[in-house]
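The values are calculated or read from the model by the stated rules, or taken from the named source; none is laboratory data. This one's a predicted model, so the numbers in the text were calculated from it and none came from an experiment. For neighbour counting, all protein chains shown are included, and Cβ atoms are generated from backbone atoms with ideal geometry for every residue, glycine included.
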Amino acid sequence: MEYLRLSRTNEEELIQSAIDVLNRGGVVAFPTETFYALGAMYDKEEALKRLYELKRRPFEKAIPVMIGSTEQLSLIATDVPEEANRLMEKYWPGPLTIVLKALSGLSRYLTAGTDKVAVRIPGESFALGLVRKSGFPITATSANPSGVPPAEDAQAVLKYFGETLDLIIDGGQTSGGAPSTIVEIVKGVVKLLRKGRIRKITLD
């Protein structure tokens, strides 16, 4: 396991290190604008399976994904409603996760056996730089075993997972607080699935 500290001068270097690990099928912990997340490349089946095992996550709970631009949606989702596009324009980059119809053939580890995938463009953070430069979707599940509080710093990640990860990016303390808000468009209406950082979601 590699442990790298983020500074003002080495962010590009650390982003590339993380991309290299993800491309090899590894699992990386990194800071987002809310908490630390565990990242795996969206189409690396073994890495996705490992995420579930590391987190001891129930299979029926899907793993959310982050992207660097709306152009990457075509890699994971289909039939994006106009209302979802409006939410993206208004709230992305930011802590709003939108549940969409999954692209046929998308890993069952991302959909939990449903035909849906949860996705967002993260707010200003190491995560945003990483997913923009990588060019591919990356998982954005919180860096904690199921049932325990999400990690707000790299030391918590280390405490939870020890040497079982391939890379930890130490970007200091995250803001913590509430996680991303999760919504789905149902018959043209915004349905709130999880309360989070964004308190009130509107289409206007």
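Here the condition is being of a type in the set (Asp, Glu), under 27 Å from THR202 (Cα atoms) and in contact with a Pro (Cβ under 8 Å, 6 or more places away or on another chain); of GLU82, GLU124, it holds for GLU124 alone.
Restricting attention to the range 102-133, the residues that are surrounded by fewer than 19 Cβ atoms within 10 Å (Cβ to Cβ), assigned to a strand (DSSP E or B) and touching a Ser or Thr at 6+ places or on another chain (Cβ under 6 Å) add up to 0.
Of all residue pairs spaced 6 or more apart or on separate chains, those with beta-carbon atoms under 6 Å, a first member in the range 133-145 that is farther than 21 Å from VAL157 by Cβ and a second member that is at pLDDT 95 or above and part of a loop (DSSP other than H, G, I, E, B) are PRO137/TYR42; PRO137/ILE67; PRO137/ILE76.
Would you confirm, using the coordinates I've provided, whether GLY196 is in a loop (DSSP other than H, G, I, E, B) and surrounded by 12 or more Cβ atoms within 10 Å (Cβ to Cβ)? So GLY196 passes the test. Remark: THR70 falls outside the filter, which requires a residue to be closer than 21 Å to GLY129 by Cβ, crowded, with 22+ Cβ neighbours inside 10 Å and in contact (Cβ under 8 Å) with a residue 12 or more places away in the chain.
When ILE185 is tested against (1) assigned to a helix (DSSP H, G or I); (2) of a type in the set (A, V, I, L, M, F, W, C); (3) more than 14 Å from the chain's Cα centre (by Cα), just one condition goes unmet, and that condition is (1).
Looking only at the range 73-85, which residues are within 22 Å of ARG132 (Cβ to Cβ) and either basic (Lys, Arg) or without any contact (Cβ under 8 Å) to a residue 60 or more places away in the chain (or both)? Hits for the range 73-85 are LEU73, SER74, ALA77, VAL80, ASN85.
Being exposed (fewer than 13 other Cβ atoms within 10 Å of the Cβ), on the phi > 0 side of the Ramachandran plot and over 13 Å from the mean Cα position of the chain (by Cα) is a property that does not hold for GLY176.
Is it fair to say ALA127 is closer than 17 Å to ASP43 by Cβ and under 15 Å from the mean Cα position of the chain (by Cα)? The answer is no for ALA127.
Which of the residues spanning the range 153-204 are among the hydrophobic types (A, V, I, L, M, F, W, C) and under 26 Å from ALA47 (Cβ atoms)? Residues satisfying the conditions are ALA154, ALA156, VAL157, LEU158, PHE161, LEU165, LEU167, ILE168, ILE169, ILE182, LEU193.
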